[in-house]
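S.K.: Quick one: structure below, then a few questions.
Quick note: the coordinates plus some simple rules give every number you see, no bench work behind them. Please read these numbers as outputs of a predicted model, since none were measured by experiment. Neighbour counts are summed over all protein chains in view; Cβ atoms, including those assigned to glycine, are modelled from backbone coordinates with ideal geometry.
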Amino acid sequence: MSLRSGLLIGTLLLAACASPQRQSPAPVERSQPSLTGTSAAGSISESPGPVRSGDGRADSQGGFVGPASPAPPDARATPTSTLMAGINSAVDAGELERAAAIAERGLRIDPRDASIWLSLANVRLLQNRPAEATALAQRALREAGNDTGLRREIQAFLDRVTDDRR
Amino acid sequence: MSRLNTKLPSLRRLTVWTLLIATIVFVLWCVWIDRQIRESFSSLQWALPARIYARPMELYPGASHALDEVQTTLQQLGYREVSQLGRPGEFRRLGQSLQIQTRGFDFWDGPEPSQTLAVFFAGDRITSLERIGGGSVPLARLEPVEVTQFNPDTGEDRLPLALGDVPLVLIEAVIAVEDSRFYEHHGVDPKGIARAMLANIRAGGIVQGGSTLTQQLVKNLYLHRDQTFRRKIEEALMAVALDLRFSKNQILEAYLNEVYLGQDGNRAIHGFALGAQHYFSRPLTQLSLDELALLAGMPRGPSLYNPRRNPERAISRRNTVLARMVDAGYITEEQRTQASQAELAVTPRPAYRGNGYPAFMELVQQNLARDYDSAALRTEGLRIFTTLDLAMQTTLEARLDKAVAAVQRADSDNGPLEAAVVITDATNGDVRALAGGRRAGYTGFNRALNARRQIGSLVKPATYLAALESGAGDYSLATVLSDAKREIELDNGTYWSPSNYENRYFGDVYLFDALERSLNQATVDLGLKLGLPATIDMLRRLGYNGDVAAYPSLLLGAVDMTPIEVAQMYQTLASGGFRTPLRAVEAVMTGDGQRLQRYGLAIEQVASQRSMFLLEHALQGVFSRGTARTAQSTMQANLPLAGKTGTTNDLRDSWFAGYGDDLVAVVWLGHDNNGATGLTGATGALKVWSDIMSSLRIEPRTTAPPPDIEWRQVSQNAVRDPAYRQCQDSVLLPFAESRPPDRAVDCEDDGSLFNRVLDRFRVFSP
C-alpha cells in the first residue's frame, strides 16, 4: 500500500472517531508562483470588456468571493471531520502544503485532537520531511491519552518513519 | 520706400522662420510626449500597500464566543445591521442569535464561500450553527479583519480591478456623467468643451467640465494640478497620444483604478473597487444601481460629495448621475425613480483599523524581513495573514495600563513604570497579542522585542528540567537539595555568595519545593552538581539562542533576554517539551490571491514527556504553594496553571511567565533607566498577569500523565536518613517509574507485594 493511500485510509478512520470540538518563524513553505511573480497585481491588462454587475461571482479584489453553491450540509459532520475531509482532498490534489494549512486550522480549533496531529505528521512524511513527521507523531502520542487503538496506530506510524529513514 | 520694401521681406522671413521653428519645436514636443506616454502607460504599475490581516474568527458549535464578541467582529469587518438580510456583509440580531450573510474570502488554505448563517448562543458559547434554509453547518469562518497596511510612500491605496470585473452599470454611470462621448472622441472632445462653455456661461460659473476621461486620467497620472495654459495644452496632447496608442478599454480600466475618491487618515482612497469597500464595506460587484451611481458621481468632488459628511449633497449628485444615465439611455425612467428614492447605505465608519498595533507590526516585519525587503512590503500589494487575535489584543490594551498603575509604587522616583507583554498560543507558537509598552498603540521603544533585561528566577526551570532529563543522578521531584548559605569560589579567585529572598534559608528541601518557592541556594546546589553546561544546554533546547556567560550567577538569572525570548522558552514548556518557534505571520498571498509563502507549524521534541510532566507539577505548585500563591483568589476560576516568578537584583525587573492549556503569557515590568521598581515578580508582574489572563479566561492546565508515571507518598520533610522521615502527613508526588523516590523519604515502598498491588489502585491525581 502506498504512503498516500495509507494516509487517506488512516485519516478517514480517524475522522470517523474524531473527538468533539473544544475551544481553544518557522520553516518557510514556498509554493507556486515564486516571489518574483508578485508584481502582476495592478498592471494594466487588455481585458475583454465590461461585465454586468449583480452576478455575485468572484472578483480578485479584497479576497472576496461571491455566493457559491455550498455542499449540502451533513448533520453528523463536526469541525474536525470537515477539516479531515479537506486535508484528504488537498492531499488527493497533490497540494500538500495546503493540506498542512488545513490541519493547522484544525489544531487551532482543537489542539488536543491526536488524529489531527497524526494527519499533519502524515502530510510531512509525504513531503519527505521525516524528522518533522516524527516530532508531530510524538506530539500526537502526547494527546492520545488512554486511547490504546490510536496509540498503537501512532506507534506504527513512528515505526514506519524509523524504518523509512534507515 | 525702398527701406520699407527691404524690411517687409525680412519681417516675413522672420515670421516664417519663427513659425517653422515653432512648428519643429511643437512636433518634437509631440513626439516626445508620444514617446513618454507610450513608455510610461504601457509599464504602468500601481504601488500597492500590503494588507495585514488578523486571524479570522471561526464559528462552530461549542466555540467559546459570546454573541457580543461575534457582533463586535462583524462591526469591525464593516457588516451592516439590518432588519432583513439581503446581501453579503449584513447581519441581524434576533434575541440570543445572529443571522449573518457572510461575504466569503480567499484564504491561503482555500476559499470560504459566502453563506447565510444563523448562529445561536448560550452564555459565552456558540450552541449551534445553521445555514438559513439548509440545515446545520459544522464550521464557518468569517473574513479576517484588515488591521493595517504597509503603505507606499505616496499614501495611495487601491484595489486594482480588471475591466472585465467592473460592473457595466458603473461604467455606464461614469461615462454618462463624466464623458458621454468617450467612445467617439480621440482623447479630446471639442464638442464637449463647447457644450461645457455654453453651460458655464448660462449658469454664470463653472458647473460643467469639458475634460474627457482620458484628459482626467492624464492629469491624475502625469501632471501637476496647476491650471496653466501650457499644462492644458500638454494635457490635451497627452490625451490624444494616449487615445492614439492605447485602446479605449485600457484607458477606461486605468481611469477606474486611478480615480481619487476620498481620504482615510493618511490613506488616499483610489479606484472604484476600494471606494466600494471604503464607503459600503462591500465589493463593487455587490453594489446596487443607486450605490454605483453615488460612487460614479464622486470624482468631481470627493470631499464635497462625501456621503458620510455631506449626505444631502451626495444624494443630489447621485440623482444627477441617474438622470444622465436616463438621458443616455442606459437605464429606464422607472429604474431612476426607484434608485433615486434609495436611502444612503454607507457604512457608518470606515472598516476597522484600530490603532494599527505598531508593536505587533514590528514583529510582523521582523518575521517577514527574511523573505521580503521593505519596498516589496509597501508596494506589491501582498496579503499578509498574521496570528494577531484582535479580541485578545483589545483586552490586553484595555487592561494593561490600569493594571500596571495599580502595582506601581507611589514612592518610586524612576519615572513611570513600564511594561511589556507577550501572549502566545500554547499549542502552535502563534503570537496572539503583544504590548511593547503600557500604553495602547505606543509607537516608541518596543520593549517586548527589544528590552534586554536579566530574567532572574525565570531561568530556574531550565536547571530543574536539565536535572529531570539528566541520565545521571536519579533526579526526581523528591531529590533532596541543600538550601544553606554558601560561598562559591570563582575561576578568577574571587568569591560569589548569593542570598535567598529576605535572607531566609531552609536547609534540606525537596527539588519540587525549591522550584515552587524559588529558593536560590537550593537551585545553586542543584545547578552546580549538574554543571553549568547542563543549564546552558537546556536553555538552548528550550529555544534561547542568545549569549550566555557560564558563571554560577547564571543559575539565578544573570542572563539577559527580551520578553519575546522568554516567551519562546516558556512556549517550549507549555508545548510539553516540543520546541515550537514563535510566529506572527502564518502566510502570504499576492493581491490577486495566489499563494506565496506559508510559515508552517514546525516542532521538535527537546524533552521527554515524563520529565515535562514532573516539571509541570512543580510549576503548578508555584500557584498552589509557591511564589504565585497570592494569585489564587484572582485566578480561582482558572487554576491549575503553571508559571514562574522572576525578580532581579535591587528589584529592577519584575517578571512573570505562565501558561494554561491554551495560552502562554509573559509580563515584564521595569523602568527604562533600569532603576529599582520596588516590586518582586509576585508583587508586580504576577498581578498584572493575573488581571489580564483572568480577563482572557485562560484555560486551566490539565496535562494527562504519560504512561510511565506513578504517584507516591513521600515524607513531609526532606531528609537524607529514613530514621527522620515523617509519613503521618505525607506529600503525594509523581515519579518516573524508573526513578522512584529515595528510600529515605519514601512512605510507601517497603518492598512488600501488598504495596505494589495497592499502587495499581491509587488515585491518579495529586
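S.K.: Please get the size of the charge dipole for the protein assembly as shown, origin at its Cα centre, with Cβ charges of +1 on Lys and Arg and -1 on Asp and Glu, quoted in debye to the nearest 20.
M.R.: 2840 debye
S.K.: Using a cut-off of 12 Å between beta-carbons, work out the net charge of the residues near B:A293 (Lys and Arg +1, Asp and Glu -1, B:A293 not included).
M.R.: +1
S.K.: Then there's this: Sum up the charges of everything whose Cβ sits under 13 Å from the Cβ of B:I100, counting Lys and Arg as +1 and Asp and Glu as -1, but leave B:I100 out.
M.R.: Residues close to B:I100 contribute a combined charge of +2.
S.K.: For chain B, list the cysteines whose Cβ sits under 4.7 Å from no other cysteine Cβ?
M.R.: Lone cysteines by the Cβ rule: B:C30.
S.K.: A further question follows. Give me the extension gain from B:R486 to B:D560: residue separation times 0.36 nm, minus the current Cα-Cα distance, reported in nm with one decimal.
M.R.: 24.2 nm
S.K.: Is there a simple number for the mean count of other chain Cβ atoms within 10 Å of the Cβ of residues in A:99-110, and what is it?
M.R.: Per-residue shielding by partner chains comes out at 5.
S.K.: What's the extension gain from B:S738 to B:T630 if we count 0.36 nm per residue and subtract their Cα-Cα distance?
M.R.: Between B:S738 and B:T630, full extension yields an extra 35.4 nm.
S.K.: Per residue of A:87-96, what is the mean number of Cβ atoms on other protein chains within 10 angstrom of that residue's Cβ?
M.R.: 1
S.K.: How many Cβ atoms of partner chains, on average, are near each residue of B:376-386 if near means within 10 Å of its Cβ?
M.R.: Mean number of neighbouring Cβ atoms from other chains: 2.
S.K.: Take peptides B:545-558, B:289-302, A:127-140 and line them up by average Cβ neighbours within 10 Å, highest first, as a rough protection proxy.
M.R.: B:289-302, A:127-140, B:545-558
S.K.: Further question on the same structure: Defining a contact as two alpha carbons under 8 Å apart and six or more residues distant in sequence, what relative contact order in percent does chain B show?
M.R.: In percent, rounded to a whole number, it is 11.
S.K.: Please arrange B:E616, B:E586, B:E699 by counting, for each residue, the other beta carbons lying within 10 Å of its beta carbon, fewest first.
M.R.: B:E699, B:E616, B:E586
S.K.: Where the centroid of each part is defined by its Cα atoms, how far is region B:601-630 from region B:55-107 in Å?
M.R.: Rounded to whole Å, the Cα centres lie 38 Å apart.
S.K.: Which FRET efficiency, nearest 0.05, do B:R370 and B:R452 yield, Cβ-Cβ r, R0 22 Å?
M.R.: 0.55
S.K.: Same structure again: Would you tally the net charge around B:I251, using a Cβ to Cβ cut-off of less than 11 Å, leaving B:I251 out, and scoring K and R as +1, D and E as -1?
M.R.: Every neighbour counted, the sum reads -2.
S.K.: OK, next. For the residues B:I126, B:I100, B:I21, what sequence is obtained by ranking on other C-beta atoms within 10 Å, fewest first?
M.R.: Lowest count first: B:I21, B:I126, B:I100.
S.K.: Among B:W496, B:W711, rank each residue by its count of other Cβ atoms within 10 Å, from fewest to most, as a rough exposure measure.
M.R.: Sorted ascending by nearby Cβ count, the order is B:W496, B:W711.
S.K.: Between region B:242-294 and region B:157-222, what's the alpha-carbon centroid distance in Å?
M.R.: 14 Å
S.K.: Let me have the 222 nm mean residue ellipticity of chain B computed from DSSP H runs of 4+ only, each contributing -39500 (n - 2.57), with the sum over all residues rounded to the nearest 500.
M.R.: Using -39500 (n - 2.57) per qualifying helix, the result is -11500 deg cm²/dmol.
S.K.: Now for a different question. Based on the Cβ-Cβ distance of B:T127 and B:E343, what FRET efficiency does E = 1/(1 + (r/R0)^6) give at R0 = 45 Å, to the nearest 0.05?
M.R.: Given R0 = 45 Å and the Cβ-Cβ separation, E is 0.80.
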